[in-house]
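For reference, the structure discussed in these notes is given below.
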Amino acid sequence: MSADRSPDDAGAAAAPPDAAVAAGLEALIRQEIPSAREIGFAGLVRSAGGLSRENWRIDATWVDAGGRHAHRLMLMRDASGTLLNTERAREFAVLRALEGSGVPAPRVFWVDPDGRWLGAPSLVMERMPGSCDYMVLNGGRTLEERLALARAFIALMVAIHAVDWRARGLGEALGAPAGRPSLTELDHWRDEYRRVRLEPQPEIDYIEAWLRRRAPEAEAVVLVHGDFKPGNALVEDARITAKLDWEIAHLGDPLEDLGWITNPARRREHQIPGHWERREIVAAYRELSGRRVREEDLLWWNVFSCWKLSVIQLTAVAEFVAGRYDRVFQTPFWLVRTMLQMMEEAP
Amino acid sequence: MKPSVEDQLRGTCRILENVVAPCVGDPFARTILDNLAANLRMLTGALPAVVRFLRDDNTATADLLGVLRPSLPAALRARIDAALAEPAPDAVDGAALEARNDRLRGLLAEAVVCEGLGAEQHRAIVRLMSERAARMPMRYVPTVSHPPPAARP
């Protein structure tokens, strides 16, 4: 099976048939393990999840100088249209750095950073046990089980923020923010916004100006997941088996992740009404992390979270209009009122 | 005029959901189909409201530009004056209404970030933006992966 594809063939490839993914993966394995032979695949299927990338499940076997291997793999391949403009090499570096850190994350095998083998930038990782449910905190489990899971999610967030990123080489891979992490993130997503906007968005501009005037200092610089939510985790019974989707992980303010999950627009995913709301989440985070968490700083990150989510949705709109993305999103006016209300409540 | 545009959109949703979707076994394709059908259903309800929304929004945006105008730089004021002096498009010409909306909102995007706006002007901005967000006829329709919840291993 020939897989000597040049980088020029990569780019905005449409989703290939299963055989092309298998051929690309075989070529990638041969590249990474020159002694590999008897490479075989089973059960290749594209899963329904994944808004920003194609997720392919596959079982792989091969023989190499070390013996016979069998692995349950997940191949994450950049879609031709995407919600997030990210680099697989950065994600690969984060997952490698997390190995042995105590943070549950998939073991990563290989990266195809420019799509030489798979037609688009791709990452191959271990397929972990558990299932993914955005609404697991408000699903069919008992309240006691859901509260235990909610606490486990906060403990996981604190564990991510406690990773010694300097010792694990993430300073070089991700780059530490030069000034206030809040401004670094605002600049990053402002650039994304300017890249994707198709029409004037005075609401987004107005809120950005408010954010820029009030950008807070960080209490610490930590590894930030960037899209922390139950939908990006695998849960088996009462245990979180893996945190997934590290493509926008970066070094920044710990309140960024906390602001993402206490953001009122995502309340149904992150909170359990009457039992696990903003107050309980912040108290648990303070207790487990020992951080102060200034309320006005957290509110800034809540507004920023909605603003960033707005930019991500505008990306989806632009990709859909360009004919590269197959799901229909709208300009996120549902977030505008939430942001304006929070801004009015700010001290 | 039968079938009306709404009849046809509604019928297309019904056929996609009842005839096509049950035959789509691939989980990714089914999720995409569910999203498209849900969005088409949303559009069926939103379509008749779009032209009126644009007309009202143009009026409200022009009014707000008038409120902000005294605090804006001269060059921006001149461009606002030129835009506001143009005759309003035909009330049922959707494309012309949208072009005017684009122009007025472009000016508003510049105006709302200017230094020197007063508290009352900021209140007017927030009021217009909140009301506009509430009146917007087209909405994102979230759909879950099929079958929910998606087992990812």
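The values are calculated or read from the model by the stated rules, or taken from the named source; none is laboratory data. Just so we're clear, the structure is a prediction, and the values are computed from it rather than from any experiment. Cβ atoms come from the backbone with ideal geometry, glycine included; neighbour counts cover every protein chain shown. Ligands, DNA and RNA are stripped out before the accessible areas are found, and what is left, the full protein with its side chains, is counted by its heavy atoms. Shrake-Rupley method; radii C 1.70, N 1.55, O 1.52, S 1.80 Å.
Per-structure values
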{"read-out": "Residue count for the stretch B:1-44, restricted to those that are farther than 22 Å from A:Q330 by Cβ, open to solvent by 70 Å² or more (accessible area, probe 1.4 Å) and β-branched (V, I, T)", "value": "2"}
{"read-out": "Residue in the stretch A:316-332 that is nearest to A:N302 (Cα to Cα), counting only those that are of a type in the set (A, V, I, L, M, F, W, C) and more than 23 Å from the chain's Cα centre (by Cα)", "value": "A:V321"}
{"read-out": "Boolean, B:R10 is farther than 30 Å from B:L107 by Cα, assigned to a helix (DSSP H, G or I) and free of Cβ contacts under 8 Å to residues at least 24 places away in the same chain", "value": "no"}
{"read-out": "Residue within the stretch A:248-263 that is within 14 Å of chain B (Cβ to nearest Cβ) and under 30 Å from A:M74 (Cα atoms) present", "value": "no"}
{"read-out": "A:F153 at pLDDT 95 or above and in a strand (DSSP E or B)", "value": "no"}
{"read-out": "Members of the stretch A:45-61 that are at pLDDT below 95, over 19 Å from B:G25 (Cβ atoms) and crowded, with 20+ Cβ neighbours inside 10 Å", "value": "A:S52, A:R53"}
{"read-out": "Cβ pairs under 6 Å, 6+ apart, first in the stretch A:64-90 and without any contact (Cβ under 8 Å) to a residue 60 or more places away in the chain, second exposed (fewer than 15 other Cβ atoms within 10 Å of the Cβ) and not in a loop (DSSP other than H, G, I, E, B)", "value": "A:A70/A:T61; A:R72/A:D59"}
{"read-out": "Identity of the residue in the stretch A:79-92, open to solvent by 30 Å² or more (accessible area, probe 1.4 Å) and within 15 Å of A:W110 (Cα to Cα), that ends up modelled with the highest pLDDT", "value": "A:F92"}
{"read-out": "A:S310 under 28 Å from A:A173 (Cα atoms) and within 14 Å of chain B (Cβ to nearest Cβ)", "value": "yes"}
{"read-out": "Test: residue in the stretch A:120-129 that is open to solvent by 10 Å² or more (accessible area, probe 1.4 Å) and in a helix (DSSP H, G or I)", "value": "no"}
{"read-out": "Any hit, the stretch A:138-147, residues being open to solvent by less than 20 Å² (accessible area, probe 1.4 Å) and touching a helix residue (DSSP H, G or I) at 6+ places or on another chain (Cβ under 9 Å)", "value": "no"}
{"read-out": "Breaking point among (1) within 30 Å of B:P142 (Cβ to Cβ); (2) at pLDDT below 95, for A:A42", "value": "(1)"}
{"read-out": "Qualifying residue in the stretch B:56-73 (condition: closer than 21 Å to B:Y140 by Cβ and touching a helix residue (DSSP H, G or I) at 6+ places or on another chain (Cβ under 8 Å))", "value": "yes"}
{"read-out": "From the options A:R116, A:R168, residue that is buried (at least 17 other Cβ atoms within 10 Å of the Cβ), assigned to a loop (DSSP other than H, G, I, E, B) and at pLDDT below 95", "value": "A:R116"}
{"read-out": "A:R96, sole failed condition from (1) at pLDDT 95 or above; (2) away from chain B (no Cβ under 14 Å); (3) assigned to a strand (DSSP E or B)", "value": "(3)"}
{"read-out": "Residue that is surrounded by the most Cβ atoms within 10 Å (Cβ to Cβ) [pool: residues in the stretch A:200-214 that are touching a residue at least 12 places away in the same chain (Cβ under 8 Å) and at the interface with chain B (Cβ under 10 Å from one of its Cβ atoms)]", "value": "A:E203"}
{"read-out": "Which listed residue, of A:R68, A:R57, A:R37, is of a type in the set (K, R) and within 13 Å of another protein chain (Cβ to nearest Cβ)", "value": "A:R57"}
{"read-out": "Test for A:A150: is it more than 16 Å from A:G252 (Cα to Cα) and either open to solvent by less than 20 Å² (accessible area, probe 1.4 Å) or away from chain B (no Cβ under 14 Å) (or both)", "value": "yes"}
{"read-out": "Subset tally (residues that are more than 30 Å from A:L137 (Cβ to Cβ) and touching a strand residue (DSSP E or B) at 6+ places or on another chain (Cβ under 9 Å)) for the stretch A:169-209", "value": "5"}
